[in-house]
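Colleague: Handing you this structure, nothing more for now.
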Amino acid sequence: MAISSVTHVVLTGGIGSRLWPLSRKTLPKQYLELFDGESLFEKTVTRNLNISNKTIVVGNIENYKMSNAIMSKFEKPFTHIVEAVPRNTAAAIAFAAFASKPEDILLITPSDHIITGPEQYDIALKRAVELANQDYLVTFGIKPTKPETGYGYIEFENENVIAFHEKPDSKTAKAYLKNGNNFWNSGLFCFKSEKFLSELQSQEPEVYRTAKEVWEANKDGFLDYEMSLTIPSISIDYAVMERSQDIKVVPAHFEWSDLGSFESVYDYLVNKNHPIDANRNIVIGTSMHTTFIGVKNCILIYTADALMVLQKENSQEVKQVYQQLESIASPLL
């Protein structure tokens, strides 16, 4: 499925704070070669090579050398937009849209997701491109496999969005799973460049105006720091997707994980036959002999300067550890 007008936009700005201490500011999770010896970034680019004829990488000043090193493995040329300071996904996608032709279809993907099932992925993308060509803003809903509280949800009928829902509590997540018409909000999008920009200008004119000014002042793809600070920091979901009247959802059936917590990393590694003991405890980051006694479903994460042990079910709390270290300006970040 090679469609000449599709541009793959890779968003690489995340830190992956829920995967500390593996993920650090100097080596965020999308660059960790934990996954079959490849980084998530490389897997993302490879997965979309045949779908698009252009690639735009939008990342920050701290990451761009790592991104360039990975992109140099591919023969395909790419455009790199380097943000001086993160201003969230609405602005990041606007930069890619300003760098594109009005009719170009942009396929927006984060750089840190795992997707399996290439045939189902191809079917979903083909449908998304068809809808984007009809001037819809398209998002992808992932059929939930469990009552996940760490994701937002999209309520829909056929391909029509009824509502977007924030991350639910456990009881609500179980109800969503039972209902069958609430899918996980994947963070994948597809739309024409000009359609996104017109919606952004309508819904968030200040984001549109300031992002346009910053883009027009770019120097070889590098954006100005002081000017960038004027851009309101807002996600594409809040800025556009939850407010537009021209939204469609493609209910997708490929296997997907944002690997946004150690629970999802645990599930991924166990599926890949990572060593596990009789009580389903695992070790990440060291081959040192490790014994767990009296505990179940625990993860030990080992790095040169930090050690963490957590119950798999408490993975979302790692972000609090990160924020605590951030508040004291710890060198461990």
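The values are calculated or read from the model by the stated rules, or taken from the named source; none is laboratory data. It should be emphasised that the depicted structure is a prediction, and the values quoted were computed from it without experimental measurement. Cβ: placed from backbone, ideal geometry, glycine included. Neighbour counts: every protein chain shown. Keep in mind that these areas ignore ligands, DNA and RNA; they rest on the heavy atoms of the full protein, side chains included. Shrake-Rupley method; radii C 1.70, N 1.55, O 1.52, S 1.80 Å.
Colleague: Using just the helices of the chain, give the 222 nm mean residue ellipticity in deg cm²/dmol: DSSP H runs with n ≥ 4 each add -39,500 (n - 2.57), and the total is spread over all residues, rounded to 500.
Modeller: Numbers: 10 runs with 100 residues, N = 333.
Helix contribution divided over all residues of the chain: -9000 deg cm²/dmol.
Colleague: A further question follows. Whole number please: convex hull volume per residue of the Cα set in the chain, in Å³?
Modeller: On the way: hull volume 47.8 nm³, N = 333.
Cα-based convex hull of the chain, divided per residue, equals 143 Å³.
Colleague: Ok, one more. Take every DSSP beta bridge whose two residues both sit in the stretch 1-100, then give the antiparallel share in percent to the nearest 5.
Modeller: Working: 2 of 12 bridges.
Of those bridges, close to 15 percent are antiparallel.
Colleague: Would you rank His8, His289 by solvent-accessible area, highest first, keeping every protein chain in place and using a 1.4 Å probe? Mind dumping the intermediate values first?
Modeller: Working: His8 0, His289 160 Å².
Sorted descending by solvent-accessible area, the residues read His289, His8.
Colleague: Quantify, in whole percent, the carbon and sulfur part of the accessible surface of the chain (1.4 Å probe; protein heavy atoms only).
Modeller: Working: 7830 of 15590 Å².
Roughly 50 percent of what the probe reaches on the chain is carbon or sulfur.
Colleague: For Lys54, Lys101, Lys192, give me the order by solvent-accessible area with a 1.4 Å probe, most accessible first, ignoring ligands, DNA and RNA.
Modeller: On the way: Lys54 75, Lys101 135, Lys192 20 Å².
The residues order as Lys101, Lys54, Lys192, largest area first.
Colleague: Please list Tyr302, Tyr266 in order of solvent-accessible area, largest first, computed with a 1.4 Å probe with all protein chains present.
Modeller: Numbers: Tyr302 80, Tyr266 0 Å².
The ranking, largest first, comes out as Tyr302, Tyr266.
Colleague: For a quick check of understanding: with a 1.4 angstrom probe and all protein chains in place, what accessible area in square angstrom does Val85 have, to the nearest ten?
Modeller: 20 Å²
Colleague: Got the relative contact order for the stretch 8-159 handy, in percent, Cα pairs under 8 Å and 6 or more residues apart?
Modeller: Numbers: 157 pairs, mean separation 40.1, N = 152.
Here the relative contact order equals 26 percent.
Colleague: Based on the Cβ-Cβ distance of Glu313 and Thr116, what FRET efficiency does E = 1/(1 + (r/R0)^6) give at R0 = 25 Å, to the nearest 0.05? All intermediate terms of the calculation are to be shown ahead of the outcome.
Modeller: Working: r = 24 Å, r/R0 = 0.95.
Efficiency, rounded to the nearest 0.05: 0.55.
Colleague: Given an 8 Å cut-off on Cα distances and at least 6 residues of separation, report the relative contact order of the chain as a percent. Numbers along the way, then the final one.
Modeller: On the way: 625 pairs, mean separation 72.5, N = 333.
Dividing the mean separation by the residue count of the chain yields 22 percent.
Colleague: How big is D, in µm² s⁻¹, for the stretch 168-315 by Stokes-Einstein at 4 °C and 1.567 mPa s if Rh is the Kirkwood radius over C-alpha pairs? Let's see the in-between values first.
Modeller: On the way: Rh = 19.9 Å.
For the chosen part, D equals 65 µm²/s.
Colleague: Identify which of His274, His80, His165 has the largest mean-square fluctuation in a Gaussian network model of the chain, with springs joining Cα atoms closer than 10 Å.
Modeller: His274
Colleague: Same structure again: Return the percentage of antiparallel bridges among DSSP beta bridges fully within the chain, rounded to the nearest 5 %. Can you show the working numbers first?
Modeller: On the way: 28 of 54 bridges.
Roughly 50 percent of the DSSP beta bridges within the chain come out antiparallel.
Colleague: Can you give the accessible area of Asp112 in Å² (nearest 10), computed on protein heavy atoms with a 1.4 Å probe?
Modeller: Ignoring ligands and nucleic acids, Asp112 comes out at about 30 Å².
Colleague: So what does Thr89 come to for accessible area, using a 1.4 Å probe and Å² rounded to 10?
Modeller: Around 40 Å² of this residue is reachable by solvent.
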